[in-house]
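One structure is given here, and the rest of the page talks about it.
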Amino acid sequence: MKQKESIVGRSFLTLLDFTTEEIEYLIYLSEELKEKKKKGENTHYFLGQNIALIFEKTSTRTRCAFEVAAHDLGIGVTYLDPKSSQIGQKESIADTARVLGKMFEGIEYRGFEQTKVEELAKYAGVPVWNGLTNEYHPTQMLADILTIKEQFGKAKGIRLTYLGDARYNMGNSLMIACSKMGMHFTACGPEKYFPDRELVKRCKQFAEETGGSVTLEEDVEKAVKDRDVIYTDVWVSMGEPEDVWKERIEDLLPYQVNKNVMEKAGENAVFMHCLPAFHDGETGIGKDIYDKYGLKEMEVTDEVFEAYADVVFCEAENRMHTIKAVMAATLRK
Ligand code: CP
Ligand code: NVA
């Protein structure tokens, strides 16, 4: 495994901090590590090192991906949930960072404001990896680019439409990732759910350099016609108040990914989702929404979800290979 000098020792907080070439390297490294995993090869490159995982929001994929990837690299893991540590309540982020930085070679953080993970990185003195904040979800982006490469043989030139709430971590991050990779990104939803104007401006500049594009569109028919990837995410994200559901359903139901959307996208299009997804009534929140609003499926219909389940669960698997690459690229050997 060959490390790239410019990335070693760095934190991974948002793809805004990484060049197209560096992102491409992380994808190649993910491919290499995925192949080694499939062949059962030993990848204990960091034996004896330790990392801390801080989760102030819940997780299935990201936590498991970090834990499995760390074990595969020979790294020990300590998991801290929001209630079992002093973080935030009795100890500041800066002090926590300085403590953990003395004991661990790397720190993963999932939480609320991006400023928190930035502060952690500023004081830790070791690489900090953003496992999701309100604003960004950069490790998810690497898994998505890898999945797109596996589906289409390339990322550059691929046309991706994201439907729903594009102001939050997934909309922002996909816009950055696509524009950095020379892809054509469209955010589709009511105007009030469009990403931050300043961020759109920056991404349009990246796209100009890479041959990609960034478009914002309220009209579903226009946004989904002849696309390669149709992407969506939950309408209400972790940490948002429950009382926004009513408004979100009213605003975003017209942007649900259903059979009609996939037909318009074309027969080669695939559906992707970062997960977890509300595609049936088999979840606690799903049941509550059904009782209150009579809605069984939300951002994606069960029919579409199941038709593209292979892609979506490969995408979930790729979280592990790409997170492994992020750790392997940034930790000092
Ligand atoms: N996609 C994703 O981040 O999933 P988790 O919330 O389960 O980690
Ligand atoms: N937007 C979602 C993404 C989950 C992976 C959330 O923040 O809850």
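The values are calculated or read from the model by the stated rules, or taken from the named source; none is laboratory data. All figures in this text were calculated on a predicted structure; none of them were measured in a lab. Because the Cβ atoms are built from the backbone with ideal geometry, glycine has one as well, and the counts that use them run over all protein chains shown. All accessible areas refer to the heavy atoms of the entire protein, side chains included, with ligands and DNA or RNA removed. Shrake-Rupley method; radii C 1.70, N 1.55, O 1.52, S 1.80 Å.
Per residue, segment 207-263 exposes 50 Å² of accessible surface when a 1.4 Å probe is rolled over the protein heavy atoms with every protein chain present.
Couplings 3J(HN,Hα) of segment 92-108, computed from phi: 6, 4, 4, 5, 4, 4, 6, 6, 5, x, 7, 9, 10, 8, x, 9, 9 Hz, in residue order, whole Hz [Karplus 6.51 cos²θ - 1.76 cosθ + 1.60, θ = phi - 60°; x for Gly and Pro]. In a simple Cβ point-charge model (Lys, Arg +1; Asp, Glu -1; nothing else charged), segment 165-246 has a dipole of about 260 debye relative to its Cα centre.
For segment 155-231, the normalised intensity computed at q = 0.14, 0.17 Å⁻¹ comes to -0.35, -0.52 (log10 of I(q)/I(0), Debye sum over alpha carbons, equal scatterers, no solvent). Considering only Gly189, Tyr136, Val311, and ranking their Cα positions along the charge dipole of the chain that arises from unit charges at the beta-carbon of Lys, Arg, Asp and Glu, the one farthest toward the positive end is Tyr136.
Near Val77, the amide H atoms lying under 5 Å from its own belong to Ile51; only residues 5 or more places off or on other chains count, and H is placed 1.01 Å from N. Across segment 212-227, coupling constants 3J(HN,Hα) worked out from phi with the 6.51/-1.76/1.60 Karplus curve, θ = phi - 60°, read x, 7, 10, 10, 10, 8, 8, 8, 4, 3, 5, 6, 9, 5, 6, 10 Hz, and Gly and Pro carry x.
Look at the dipole of segment 252-333 built from charges on Cβ: of Ala328, Asn268, Thr283, the Cα furthest out on the positive end belongs to Ala328.
Among the trypsin sites (Lys or Arg not before Pro) in segment 209-242, none sits in a DSSP loop with a Cβ that has at most 10 other Cβ atoms within 10 Å. Applying 1/(1 + (r/R0)^6) with R0 = 51 Å to the Cβ-Cβ distance of Glu41 and Val244 gives a FRET efficiency near 0.60. Projected label points at Ser84 and Leu16, each 7 Å from Cα along the beta carbon direction, are separated by 3.4 nanometres. Think of each Lys and Arg Cβ as +1 and each Asp and Glu Cβ as -1; about the Cα centre, that makes the dipole of segment 97-204 roughly 360 debye.
Note on the chain: Cα Rg divided by 2.2 N^0.38 Å, N the number of residues, gives 0.97. For Ser6 and Glu263, FRET efficiency with R0 = 45 Å and r from the beta-carbon atoms, rounded to 0.05? Taking R0 as 45 Å, the efficiency between Glu263 and Ser6 is 0.55. Charges were assigned to the Cβ only: +1 to each Lys and Arg, -1 to each Asp and Glu. The resulting dipole of the chain about its Cα centre is roughly 1260 debye.
Taking each residue as 0.36 nm, the span from Asp226 to Glu306 lengthens on full extension beyond its C-alpha to C-alpha distance by 26.7 nm. Looking at the square roots a ≥ b ≥ c of the eigenvalues of the Cα gyration tensor of segment 131-194, which shape do they give, rounded for a/c under 1.5, prolate if a/b is larger than b/c, or oblate? Cα axes put segment 131-194 in the oblate bin.
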